[in-house]
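Chemist: Please see the structure below; I have some questions.
Here, each number is a calculation from the coordinates, and none is a lab measurement. Everything numeric in this text was worked out from a predicted model, so none of it was measured. As a convention, Cβ positions derive from the backbone with ideal geometry for all residues, glycine included, and neighbour counts pool all protein chains shown.
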Amino acid sequence: MQEDNFKVTPWEVSGRVDYKKLIQQFGTQKISKSILEEISRISQGRLHVMLRRDIFFSHRDLDLILKDYREKRGFFLYTGRAPSMGMHIGHLVPFLFTKWLQDVFNVNVYIEITDDEKFMRNQEYTLKQTSEWAHQNILDIIAVGFNPDKTFIFKDTEYIRNMYPLVTSIAKKLNFSQIKATFGMDASSNIGILFYPAIQIFPTMFEKKRCLIPAAIDQDPYWRLQRDLAESLGYYKAAEIHSKFLPPLASSDGKMSSSIPESAVYLSDPPKTVEKKIMKYAFSGGQATTELQRKLGADLRVDVPYQWLYYIFEENDGEMQKITEDYSSGRMLTGEVKKILAQKVNLLLEDHRKNREKAEENYTRFLYDGKLAKQMWEKIHS
């Protein structure tokens, strides 16, 4: 979708995103109070911070997922990652939330690593590069803490032999007009990219249960295609739960990009680098001088350090409310907020690095020889 002031596609997000307009244009639903209450009950009152604060804000058929759970039919989770040279904080957000969902509902998680798409979409990349990035990104994903017996991580270029029979059935139901209209393809698009949506749709059919996809809302076009054809192949329409975008450091518009180092905090950034990036580049909604800040307070709508704290890094609602009141009133200065954020980010990354050091030991369990992984390699779709 593109409006005069913002753009949202699976490959580009720019401008100040109007999420109410996206709900209307994409035809999704706002997550209701009753849905939040049911998830809170199931999680024994430990509702995830990104649900409490409306960061995961929109859905398709989340009510049916909860109905299936209540009635003991169950469901499964599916998310993915296009490998890049380095993962940043924004990439980590959907995995943290997906892991929480796995813990709360005790369900299988399937994580697709789209090394093929990354290669086909970028002329300068080689398969060797995307394969190496995939390995490094998988270690970061494992470090999040997924259950190795209930999680299957797979690379498209490896698992394609098991995928291909059903992928061809999906592809047969998609035509060029649909792909062109949905993704803006043209005559210069290579045929691999034209075929790729069938591969991304495939994991929604790993089980004869409803699939729930936690992802940023820019990925919704893929699942609209899936919902058009799933029932004709004997599977459920995919359900979705959509997040807003964690903004880049340097602007409150758009989303974080790996190609702009100063806009992102990478999972590999050491503490001094994290602090420097936040203090130097994080866009502030505070006033130009201390005097004006004390008098007028900060504009929280555009203040990136505040938004990062609100999205994920300050989970304590009482502390967040205090920061909100103090910063907007002028009792707190921008530098103070940035220091709080830098400390919070470094704490998360310190834990992540420790977990990542152990991830190589469990690598094969998630991809090849864990309980769920073994089942999936033995399973041939037809």
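Chemist: Taking springs between alpha-carbon atoms closer than 10 angstrom, which of A181, A359, A143 fluctuates most in the Gaussian network model of the chain?
Modeler: A181
Chemist: While we're looking at this one, here's another question. May I ask for the distance between the Cα centers of the stretch 297-331 and the stretch 224-281, given as a whole number of Å?
Modeler: That distance is 21 Å.
Chemist: What percent of all Cα-Cα pairs in the stretch 3-90 falls in each 5 Å bin, counting up from 0?
Modeler: Spelled out per bin, shortest first, that is 3, 10, 16, 20, 19, 16, 11, 5, 1, 0.
Chemist: In addition: Would you tally the net charge around E378, using a Cβ to Cβ cut-off of less than 13 Å, leaving E378 out, and scoring K and R as +1, D and E as -1?
Modeler: Every neighbour counted, the sum reads +3.
Chemist: Taking springs between alpha-carbon atoms closer than 10 angstrom, which of Q44, Q343, Q129 fluctuates most in the Gaussian network model of the chain?
Modeler: For the chain, modelled as a Gaussian network with Cα springs under 10 Å, the answer is Q44.
Chemist: Using 7 Å Cα-to-Cβ label points, what is the K371/M279 separation (nm, one decimal)?
Modeler: Here the modelled spin labels are 4.8 nm apart.
Chemist: Can you give the Kirkwood hydrodynamic radius for the stretch 81-131, in Å, rounded to one decimal and based on Cα pairs?
Modeler: 12.6 Å
Chemist: Now for a separate question. For Q25 and K339, compute 0.36 nm times the residue count separating them, minus their Cα-Cα distance, and round to one decimal in nm.
Modeler: Result: 109.2 nm gained on full extension.
Chemist: Now for a different question. On average, how much area does the Cα convex hull of the stretch 139-191 cover when viewed from any direction, in nm²?
Modeler: Across all orientations, the stretch 139-191 yields a mean hull projection of 6.0 nm².
Chemist: Please state, rounded to one decimal and in Å, the Kirkwood hydrodynamic radius that the stretch 242-350 gives when every pair of distinct Cα atoms enters the mean of 1/r.
Modeler: 14.0 Å
Chemist: If we count every other residue with Cβ under 15 angstrom of T130's Cβ, Lys/Arg +1 and Asp/Glu -1, where does the sum land?
Modeler: Taking every other residue near T130 into account, the sum is -3.
Chemist: State the extension gain, in nm to one decimal, for the chain segment bounded by K322 and M85, taking 0.36 nm per residue of separation less the distance between their alpha-carbons.
Modeler: In short, 81.5 nm is gained.
Chemist: Further question on the same structure: By how many degrees, 0 to 90 and rounded to 10, does the Cα axis of helix 334-364 deviate from the longest principal axis of the chain?
Modeler: 30 degrees
Chemist: Right, something else. Which residue, Q123, Q226, Q102, has the most motion in a Gaussian network model of the chain that connects Cα atoms within less than 10 Å?
Modeler: Answer for the Gaussian network model of the chain: Q123.
Chemist: Nearest 10 degrees, 0 to 90: what angle lies between the long axis of helix 317-329 and the longest principal axis of the chain (Cα atoms)?
Modeler: 50 degrees
Chemist: Using Cα pairs closer than 8 Å and at least 6 residues apart in sequence, work out the relative contact order for the chain, in percent.
Modeler: This gives 20 percent for the chain.
Chemist: For the stretch 353-382 and the stretch 13-54, what is the separation of their C-alpha centers, rounded to whole Å?
Modeler: Result: 31 Å between the Cα centres.
Chemist: Pairing the Cα long axis of helix 33-42 with the longest principal axis of the chain, what angle in degrees results, from 0 to 90 and rounded to the nearest 10?
Modeler: 80 degrees
Chemist: By the scheme Lys and Arg +1, Asp and Glu -1, what is the net charge of all other residues having a beta-carbon under 15 Å from that of Q343?
Modeler: -2
Chemist: Find, to one decimal place in angstroms, the Kirkwood hydrodynamic radius of the stretch 6-249, where the mean of 1/r is taken over every pair of different Cα atoms and then inverted.
Modeler: 18.6 Å
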